[in-house]
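The values are calculated or read from the model by the stated rules, or taken from the named source; none is laboratory data. Keep in mind it's a predicted model, so treat the numbers as computed, not measured. Here the Cβ positions follow ideal geometry from the backbone for every residue, glycine too, while neighbour counts run over all protein chains shown. With ligands, DNA and RNA removed, areas are computed over all heavy atoms of the protein, side chains included. Shrake-Rupley method; radii C 1.70, N 1.55, O 1.52, S 1.80 Å.
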Amino acid sequence: MSSSLLQPSLPTLSSLGYYTIPSFHEFVAQELVDPGYCSRVPHFTVGRFGYGSVRFLNETDVRGLNLDDIVEFRRHEIVVYDDENVRPEVGQGLNKAAEVVLVLDSGICNSKEWQEDALVERLRQCSEKQGAQFVSFDRATGEWKFLVQHFSRFGFVDDEEEEEEDIPMDDAEIHDVVEKESPTNDNGIELSHSLPAHLRLDPVKMREMRLLMFPNQEEADDDLSRKSSFDKEYVRPSRNSAQAMTLRSTPPVARKTPFPLLEYKHGSFESNSPGAILMVQQHKGTPVKTVKAPGFKLDLQHETPVSRNYARNIVDAGLFMGKSFRVGWGPNGVLVHSGAPVGSGNDHRLLSSVVNLEKVAFDNLARDENKKVNEELVDYTLVSPLNFHKGLNHVTKDVEIGPCKLTLQKLEASRTTLSEISHGYCDIIERQLTVPGLSSSTRLGLTHQVMTWELIRVLFSEREQKGHIESLGADDEEDMMQDTKEVSQDVEQEALPLMRRAEFSYWLRESVSYHVQNQISSLNESHYLQHIFVLLTGRQLDEAVQQAVSKGDVRLACLLGQAGGSTVNRSDIGRQLDIWRNKGLDFSFIEKDRLRLYELLAGNIHDALHDIKLDWRRFLGLLMWYKLPPDTSLPLAFQTYKHFLDEGMAPFPVPLFIDEGPSEKAISWTRDKHFDISFYLMLLHASEDTEFRFLKTMFSAFSSTPDPLDYHMIWHHRAVLEAVGVINSNDLHILDMGFVSQLLCLGKCHWAIYVVLHLPVHEDYPYLHVNLIREILFQYCETWSSDESQYQFIEDLGIPNEWMHEALAVYYNYIGDLSKTLEHFLQCANWQKAHTIFMTSVAHSLFLQAKHTEIWRIATSMEDHKSEIENWELGAGIYISFYWMRNSLQGDANAMTELDSLQSKNAACKEFVSQLNVSLAFWDSRLPVDARVVYSKMAGEICDMLLSAVGEGATREEQFNCFNTAFSAPIPEDLHSGHLQDAVYLFTSFLSEIAT
């Protein structure tokens, strides 16, 4: 029966952040096994992350319930059946006895105003006045627990709210309503701790203007504007303020845009310069609690610690300099901010006008125990895995973005080759373990990586229908795997789940061996029963039996030999224990540790673990080996552990660095933290849907390493799992950006671009890949351009040469090498910038060095694109005109047109001189002195050649016109004087001729 046929029997819940226990998939599974299960669900629970949960006592009929309309969690409040017209009778539907847990803000829990006893007493009074029974309050988690017999509306209210409790409004509505009976506030109410109030502006009008201009920010601002009920200064609405309620618009749909992509939405390839590369934030997997901090407020009664004068108070640097200055990222993990230094104590006196520049360590993974970067570690941790990844099969896709084309890549693999891929990664990690000088935490992390790849192989690889089946040689459960040789026929499909379970059992046994050996080494040899129990938690049955035999405990050895086998043996042991209890046997005459062993062999793992703290992997092993039948499938085993975990009857699946670290860390690792990636892989195996809802949390750094900035191996995990079809996600950009940041910090720019090319295409951000690659090329130009192998690698990736040359042009312009700047601007076809640099910085230098061939080459290369260059004729066209004029005046046969008459020569020279004068006026101060000298030299040379052509055959008018052209040229005064003397001599000769 499909889930669609069961739909009428199932409840529905689609609100963001809400969940149910059991989940929807568990409802479907239970309904298939036990028809009618939805009519009698025990301890049905509905919750909202960060707000609280409600657990309905006894059995509940949830068939067809639309939980979106029935249950609503608000800040410090729960509402069930908000509409009284649809609320059923007490005891019907969800209007029944329940246990409610509400999560209070951390600001309330840590408030000095409410100490432990006062807060608990206030919550107790609040519970009693609303007809509820107070149960407990945990200040560490903020969880307030109470019992109700039926539902209406329950939550926390303070004294002011009690006076107006007849107004049915929630927190968000309260803060959206503003008393507005007249333009002047008759009650004199002013929003304290607000910038408009501080600037003597009307807060009401400011809010209305903001809602009109930024309607989409209303919901986010509502969360920021909510104040706890302990604050006595917020505004309460009056009964006649219903009109003001119309200001509240419909809450916008929750934004699904990935956080790292927000600044790329409106980006385009046409932008003149790339922006700052985005740095990632660690995603915690649970909703962030937003608390409004006290606003900007100056106290006139006190002097400042710096100026001791109110007129020179220090101001907040972010407020003064704008949003962009509050925090920013520079290259190589440099954080610029105006807050307290990272790692500073609580006693640090914060001066918000001070700007801090701090280096964020992205390269911890490549440092040895002396905190020094080890190049061998860099190769093993980053380069070798990426080289292995690059050597696997890839699917390429050419994408045209603007005028350029990128070749995007995606890993391609199958489940039959997954085993080989996992072994390849494990070999690289094991080679890294041979590097000397590794710290103990690094070795622990590498061990965890090996175990993770082995688990991926065990859970998701598929066997060839014909081939070799490896012998695992483990325990009784894996006897089916013993002595298996090369087979010639296909493996039966029914045996595959059992084979996978056997492999997982072996993996689990190996992963807990550290705990087992560590605990055994701390035991006294005389306590052999405790020794045996510890061996059983690690499935070391042979050693346990030998231990019992060596102590002469033959009967126990016989029972141990049958441990985890047939369920009949377990039931027999359990029945015997029940008979002893029913007969009134005094168990004080039996060793406590022996009874613990009997309970474990009977499958009563919780009774066996009484007063014993066990890690989550061994608990899962006990569940599989001794409680569940030996033919139980892995998905069912994982779901059973998840059920116990949700009920608080199983240890949390904490990450390995917590599990095998100091015990106090494991205790402090609470429910809202990330779990171990192994646990998420198990849930992924038990799930039938590739749209796994835990993916963002699963692929966070904390699921496998204590370093929140280390994404180097989980990026490979994600890539391989996605390639074999286990997951399908288009929203893990935080993971990709985190890995890119690590690679850039260690100078591996080419590999960072390789990772960017594996980013999935996002329809809302078509220029994502372009902007990221260009930013990497620009910000790290000095790194990749100085390494020939990186340069070639980037070219081989198909990155357009124009982008590389543009980055190099900006870099060389920054360091002052303008000749190379010009060459690279020419290579990237940025003709306008090339033309500007040519005119203002390069051309005159080449001219003074008599490198006329080089000037001609550069100018003619730009001439073909002069239509794209503004004021070409007043720029590089000057030099082309000069060489053309010089060649023509010299009678060069290669000149395009030979100037044969003095009149034509004078006209051409006059036009050139006029062009020079206009060019000088156009460029003005942008031309350095040397460039003006070059203009004078060009004008002087042309004028000299023109005047040298003045001969006897020319008329006096033509000769005087040539001198007029020379007089208008931008030449030095000494040349002007010389030409003037020649003109006077010519004029004198002309007068003497007339006189004669």
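Of the residues making up segment 561-587, those that are among the aliphatic types (A, V, I, L, M) and within 22 Å of Gly538 (Cα to Cα) are Ala563, Ile573. Only one of the numbered conditions (1) modelled with pLDDT under 80; (2) closer than 15 Å to Val54 by Cβ; (3) among the aromatic types (Phe, Trp, Tyr) is violated by Trp114, and that is (2). Of all residues in segment 25-61, those satisfying the criterion of being out of contact with any helix residue (DSSP H, G or I) (no Cβ under 9 Å at 6 or more places or on another chain) and aromatic (Phe, Trp, Tyr) are Phe44, Phe49, Tyr51, Phe56. The residues on offer are Tyr528, Tyr506, and the sole one that is in contact with an Asp or Glu (Cβ under 9 Å, 6 or more places away or on another chain), within 18 Å of Trp625 (Cα to Cα) and either at pLDDT 90 or above or surrounded by 14 or more Cβ atoms within 10 Å (Cβ to Cβ) (or both) is Tyr506. Scanning segment 711-750 for residues that are part of a loop (DSSP other than H, G, I, E, B), touching a residue at least 60 places away in the same chain (Cβ under 8 Å) and open to solvent by 20 Å² or more (accessible area, probe 1.4 Å) yields Gly725, Asp731, Leu746, Lys748.
Scanning segment 80-93 for residues that are in a loop (DSSP other than H, G, I, E, B), aromatic (Phe, Trp, Tyr) and modelled with pLDDT of 80 or more turns up at least one hit. Listed by position, the helices (runs of 4 or more DSSP H) inside segment 900-996 whose residues that are touching a residue at least 40 places away in the same chain (Cβ under 8 Å) and more than 60 Å from the chain's Cα centre (by Cα) number at least 1 are 902-923, 929-948, 956-967. Scanning segment 509-531 for residues that are without any contact (Cβ under 8 Å) to a residue 60 or more places away in the chain and outside any helix (DSSP H, G or I) turns up Ser522, Leu523, Asn524, Glu525, Ser526.
Each row is one residue, and each column tells you yes or no for (1) closer than 25 Å to Val770 by Cα; (2) in contact with a Gly (Cβ under 7 Å, 6 or more places away or on another chain); (3) not small (Gly, Ala, Ser).
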| position | (1), (2), (3) |
| --- | --- |
| Val373 | no, no, yes |
| Tyr380 | no, no, yes |
| Glu400 | yes, no, yes |
| Ser422 | no, no, no |
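Looking only at segment 823-844, residues that are assigned to a helix (DSSP H, G or I), farther than 20 Å from Val929 by Cβ and of a type outside the set (Asp, Glu) come to 9 in all.
Let's see how each residue does on (1) open to solvent by 30 Å² or more (accessible area, probe 1.4 Å); (2) under 28 Å from the mean Cα position of the chain (by Cα); (3) at pLDDT 90 or above:
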residue: Ile612; (1), (2), (3): yes, no, no
residue: Asp615; (1), (2), (3): no, no, no
residue: Leu628; (1), (2), (3): no, no, yes
residue: Leu634; (1), (2), (3): no, no, yes
residue: Asp672; (1), (2), (3): yes, yes, no
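Is it the case that segment 861-870 has a residue that's surrounded by 20 or more Cβ atoms within 10 Å (Cβ to Cβ), assigned to a helix (DSSP H, G or I) and at pLDDT 90 or above? For segment 861-870, residues surrounded by 20 or more Cβ atoms within 10 Å (Cβ to Cβ), assigned to a helix (DSSP H, G or I) and at pLDDT 90 or above: present. Scanning segment 415-437 for residues that are more than 29 Å from the chain's Cα centre (by Cα) and either open to solvent by 60 Å² or more (accessible area, probe 1.4 Å) or closer than 17 Å to Glu722 by Cβ (or both) returns Thr416, Thr417, Glu420, Arg431, Thr434, Pro436. Considering only residues in segment 94-111 that are among the small types (Gly, Ala, Ser) and assigned to a helix (DSSP H, G or I), the one that is modelled with the highest pLDDT turns out to be Ser106. Number of residues in segment 547-563 that are in a helix (DSSP H, G or I) and over 19 Å from Lys627 (Cβ atoms): the value is 9. For segment 445-460, check the following and say yes or no: at least one residue is free of Cβ contacts under 8 Å to residues at least 12 places away in the same chain, surrounded by fewer than 19 Cβ atoms within 10 Å (Cβ to Cβ) and in a helix (DSSP H, G or I). Within segment 445-460, none of the residues are free of Cβ contacts under 8 Å to residues at least 12 places away in the same chain, surrounded by fewer than 19 Cβ atoms within 10 Å (Cβ to Cβ) and in a helix (DSSP H, G or I).
When we screen Glu376, Glu369 for residues that are acidic (Asp, Glu), part of a loop (DSSP other than H, G, I, E, B) and at pLDDT below 90, the only hit is Glu369.
Quickly run through segment 132-149 and pick out the residues that are open to solvent by 60 Å² or more (accessible area, probe 1.4 Å), assigned to a loop (DSSP other than H, G, I, E, B) and modelled with pLDDT under 85. Matches in segment 132-149: Ala140 only.
In summary, Arg693 fulfils each of the numbered conditions (1) over 20 Å from Tyr380 (Cα atoms); (2) in contact (Cβ under 8 Å) with a residue 24 or more places away in the chain with the single exception of condition (2). Among the residues of segment 564-619, write down those that are hydroxyl-bearing (Ser, Thr, Tyr) and not in a loop (DSSP other than H, G, I, E, B). Listed by number, the residues that qualify are Thr567, Ser571, Ser588, Tyr598.
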